[in-house]
Amino acid sequence: TVVATTGTSGDDAEADAGEEDSSGPLGLFRWLSNVGLAILLGSLIVIVMAWPEGVEYILTLRFLKWTWLLTLAATYLFTGAMAAEVGGGGLGPSLVPTGWGDLLDSTPGMAALLRFIFVAATGYAVFRPDRAIDPANQPVALGAPVLAVVTMAFSRDEFGLIEWTVGAAHALAMAVWLGGLVLLTRVVLAGPGDEDLVHAVTGFARLSTPALLITVVTGAIQLFRLDRGGLDSNHGMVLIVKVLLVAGMVFVGVASRQFIAQRVNRATAM
């Protein structure tokens, strides 16, 4: 759900090919990194705001660690692929971090490098998720994944302050909604808790609606500013795919209501 766009004029063709190629290894690794980051941040936000008991479950720890490891690997590959695009070399040699110096010459390249650093730093909260709910450690524990998600907004050199701001809000809201939903379905509903299960479900319900609304509104703003509402560009095609994916996830969320209701019936009050 990153703001992925390509220019519509011939003058932007070369820059777009290096910065927002949505095909091949770069597009795949970017997508995997984006999804993993969203799950990490959204999971931590739900734990902090609705399910602090979750840090006591082995299932939560295992889920966070595996998600972080896969996200770190995907982000490493994404950074290497971005270095190959910027430097014009092959993917293999660009996977060596010593060849990432060219990333500092462009905004998307620098954002990719910073993303890798912030994802690595997210391990501070992943291996000790209780740090995310500790006021003393919370700024660092949540700061790293938040900044990693924000890097999604810096996808082109020609972006301005409005695009960066709206893109950051779009990425953060998407992460809260998507990550919270994945944590809910993969961890919370599989956990052994009773009352804390109810708190997690109702807490996510409070977060999900505004997060989804912000995601949709900011996505519409970006579509208008970057493509003037047109769907015939590469970004427009990406938007159509994103809409279909979101619609599918909303359907899954609605279909899960019956299962959720059955699980929370164990609690005395909801």
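The values are calculated or read from the model by the stated rules, or taken from the named source; none is laboratory data. No experiment lies behind these values; they were computed from the predicted model shown. Here the Cβ positions follow ideal geometry from the backbone for every residue, glycine too, while neighbour counts run over all protein chains shown. Calculation scope for accessible area: heavy atoms of the full protein, side chains included, ligands and nucleic acids excluded. Shrake-Rupley method; radii C 1.70, N 1.55, O 1.52, S 1.80 Å.
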Quick check on the stretch 85-96: of everything there that is without any contact (Cβ under 8 Å) to a residue 12 or more places away in the chain and surrounded by 13 or more Cβ atoms within 10 Å (Cβ to Cβ), which residue is nearest to LEU26 (Cα to Cα)? GLY89
Considering every residue within the stretch 2-23, establish whether at least one is at pLDDT 85 or above, out of contact with any strand residue (DSSP E or B) (no Cβ under 6 Å at 6 or more places or on another chain), open to solvent by 30 Å² or more (accessible area, probe 1.4 Å) and outside any loop (DSSP other than H, G, I, E, B). no
Note on the stretch 64-74: residues crowded, with 22+ Cβ neighbours inside 10 Å and of a type outside the set (S, T, N, Q) are LEU64, TRP68
Failed condition for ALA168, given (1) out of contact with any Leu (no Cβ under 9 Å at 6 or more places or on another chain); (2) under 26 Å from GLY54 (Cβ atoms): (2)
Would you confirm whether or not the stretch 104-120 contains a residue that is of a type in the set (Gly, Ala, Ser), at positive phi and at pLDDT below 95? no
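Only one of these is closer than 22 Å to ASP134 by Cβ, open to solvent by 10 Å² or more (accessible area, probe 1.4 Å) and among the β-branched types (Val, Ile, Thr): VAL55, VAL35, VAL46. Name it. It would help to see each step written out before you state the result.
On the way: VAL35 fails: closer than 22 Å to ASP134 by Cβ; VAL46 fails: open to solvent by 10 Å² or more (accessible area, probe 1.4 Å).
Exactly one of VAL55, VAL35, VAL46 is closer than 22 Å to ASP134 by Cβ, open to solvent by 10 Å² or more (accessible area, probe 1.4 Å) and among the β-branched types (Val, Ile, Thr), namely VAL55.
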Take the conditions in a helix (DSSP H, G or I), open to solvent by 40 Å² or more (accessible area, probe 1.4 Å), without any contact (Cβ under 8 Å) to a residue 12 or more places away in the chain and of a type outside the set (Lys, Arg) and apply them to LEU77. Does it pass? no
